[in-house]
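Throughout, read-outs are computed from the coordinates displayed, never taken from laboratory work. No experiment lies behind these values; they were computed from the predicted model shown. As a convention, Cβ positions derive from the backbone with ideal geometry for all residues, glycine included, and neighbour counts pool all protein chains shown.
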Amino acid sequence: MNYQFNWKLVLTGEYGQWLLDGLSVTLQISAMSIVFSLLLGTIVTVLRLTRVKPLEWLSLAYTEFFRNTPLVVQIFFWYFGSDPFLPGFFKEWLYQQNIEFAAGVIALTVYTSAFIAEEIRAGILSIPKTQLEASRASGLSFLQAMGYVILPQAFRIIVPPLISQFLNLIKNSSMVMTIGVAELTYMARQIEAHTFHGFEAFTASTVIYICISLVVSFAITLYDKHFLRRVRY
Amino acid sequence: MRKLSLLLIVSLLLSLGAGVAQAGKIDDIKARGTLVCGVKDSQVPFGYVDEQTKQIVGFEPDICAYIAGKLGVKIELKPVTSSTRIPLLQQGSVDLVAATMTHKLERDDVIDFSITYFPAVQKLLVKKGTVKALADLAGKKVGSVKGSTSEKNVKTAQPACEVVSFETYPEAFLALKQGKVVAVTTDAPILVGLKYSDENPDNWEIVGEDIAAEPYGLGLAENDSDYRDFINKTLMEMWNSGDYKKLYDKWFGPNTKFYIPLEWKMEIWP
């Protein structure tokens, strides 16, 4: 073992900047995917509970399909596999844009939303059925009853599992490096390739991932404690 | 007294262990009976999986087989990528790397290299009639592979282009086919392989100035000069006996799709 540690090389100057650039991309892609997957997950769950059979089936199919295929396969599908289905003129414009990033966000969103949908459903099912019936009886439409009565309570219950999903998403975002999105893991690997100091580069990225995860987890817990649990509906 | 003798035995064993570790790669390989070689598995014609036999074949596996033959051991091929080949060599998971690896001085800090066994130059693979030279790449996306020298070279040669790096060259070529990047850049022989992997090779052309020289060397474990001498001698023998030309013609000769005239001479020491 004649490995020479060189932390300064990896953490400062050009390579330090690479890590920061990678961190910024990881944060962007994670934040966008978290917001979209929460929205999409909610929609998918609500469809599941509408009691309109075709919508229920659609929602069930969506959840099972995207929950049961590997994320990397989905990433490749959205990036490489979607090509034949896009119209030519649109494609030309699209590929000039940051298509790698977009495909990454779509894959992460769709994948995570399938899991989130199941968790929201579990939250909703834990609210006594009579509440929905009572709100319908008092004249609220299905969507109003969901939006004003059921979902606010359900979201409070599922905060802990939602945190896990968000943390998974942040870590899963490292997989978009396979389609050339220059996020944190990609940058750590680039630094390894340029300097051969893989130990330092990957240690740095590990510490950064842990920090992001802890901050996200802590922030949501605080929000839950000081806001969600205090609000009276 | 018992403790002392135990200590003696342990230290003796330790020094024995150290002695074995210093024995050198050649003895290790002979004792094991196999030469473990890191090769590419999707790099036509350097190293790729044959459609019929499902075995890794190519120019580089053949060179490895020649070396294994000289050592009198069996050969085991392990697929590596541009970003895993150096770490695997450092760990000792492979005895040598024959994976289109450019001999760069900075790589010499962590591993050793044999003499050059294939001289390549870096070019651009583009859709016919689109890009002519490096200057046309300004503001465009260029596909490459993570951890490769071509990735660094193209950034230096054309700072205004955006490099998108994939895991393997076929993926980069797929991105080119789909129009996501306007060019794929790497060593010309790899580009020729990519070009002919398409159903219509005529749709693609290799253009541009020589972005960089990319002399390929066999990657060897650091600081084992007996081993390196042996590999270098074997390569020179291969050249002198004409076996190199035979192998070269098998993969790059006039009767192959990947015809590249043999226009160089291996460095031969007197």
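Things to note:
- The one condition in (1) crowded, with 17+ Cβ neighbours inside 10 Å; (2) at negative phi that A:GLY180 fails to fulfil: (2)
- For the stretch B:63-77, filtering for residues that are buried (at least 21 other Cβ atoms within 10 Å of the Cβ) and of a type outside the set (A, V, I, L, M) leaves 1.
- In the set (1) more than 30 Å from B:ILE86 (Cβ to Cβ); (2) within 14 Å of chain B (Cβ to nearest Cβ), A:PHE155 fails one condition alone, (2).
For every residue, the table says whether it meets (1) within 20 Å of B:ALA68 (Cβ to Cβ); (2) away from chain A (no Cβ under 14 Å); (3) buried (at least 24 other Cβ atoms within 10 Å of the Cβ); (4) within 12 Å of the chain's Cα centre (by Cα).
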| residue | (1), (2), (3), (4) |
| --- | --- |
| B:SER82 | no, no, yes, yes |
| B:PRO87 | no, no, no, no |
| B:HIS103 | no, yes, no, yes |
| B:GLU106 | no, no, no, no |
| B:VAL121 | no, yes, no, no |
| B:LYS128 | no, yes, no, no |
| B:ALA138 | no, no, no, no |
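- Test: residue in the stretch B:211-228 that is part of a loop (DSSP other than H, G, I, E, B) and more than 30 Å from B:LEU71 (Cα to Cα): yes
- Among the residues of the stretch B:216-231, some residue qualifies, meaning at least one is loosely packed, with under 14 Cβ neighbours inside 10 Å and either under 30 Å from A:GLU100 (Cβ atoms) or more than 20 Å from the chain's Cα centre (by Cα) (or both).
- Residue match in the stretch B:235-257 (condition: within 30 Å of B:PRO87 (Cα to Cα) and touching a strand residue (DSSP E or B) at 6+ places or on another chain (Cβ under 7 Å)): yes
- Residue match in the stretch A:49-64 (condition: more than 21 Å from the chain's Cα centre (by Cα) and among the β-branched types (Val, Ile, Thr)): yes
- The stretch B:173-184 residues that are more than 7 Å from every other protein chain (Cβ to nearest Cβ), paired with ones that are aliphatic (A, V, I, L, M) and part of a helix (DSSP H, G or I) (beta carbon under 6 Å, 6 or more apart): B:PHE173/B:LEU194; B:VAL181/B:ALA175; B:VAL184/B:ALA172; B:VAL184/B:LEU176
- Residue count for the stretch A:195-229, restricted to those that are within 14 Å of another protein chain (Cβ to nearest Cβ) and without any contact (Cβ under 8 Å) to a residue 24 or more places away in the chain: 3
- The stretch B:119-159, residues that are in a helix (DSSP H, G or I) and either within 27 Å of B:PHE252 (Cβ to Cβ) or among the acidic types (Asp, Glu) (or both): B:LEU134, B:ASP136, B:THR149, B:SER150, B:GLU151, B:LYS152, B:ASN153, B:VAL154, B:ALA157
- Exactly one residue out of A:GLN165, A:GLN153, A:GLN144, A:GLN190 is polar (S, T, N, Q) and under 19 Å from A:ARG229 (Cα atoms): that is A:GLN153.
Conditions tested, residue by residue: (1) of a type in the set (S, T, N, Q); (2) farther than 17 Å from B:VAL164 by Cα; (3) away from chain B (no Cβ under 14 Å).
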| position | (1), (2), (3) |
| --- | --- |
| A:TYR79 | no, no, no |
| A:PRO87 | no, yes, no |
| A:LEU94 | no, no, no |
| A:ALA102 | no, no, no |
| A:ALA107 | no, yes, yes |
| A:TYR111 | no, yes, yes |
| A:ALA117 | no, yes, yes |
| A:ILE120 | no, yes, yes |
| A:GLY123 | no, yes, yes |
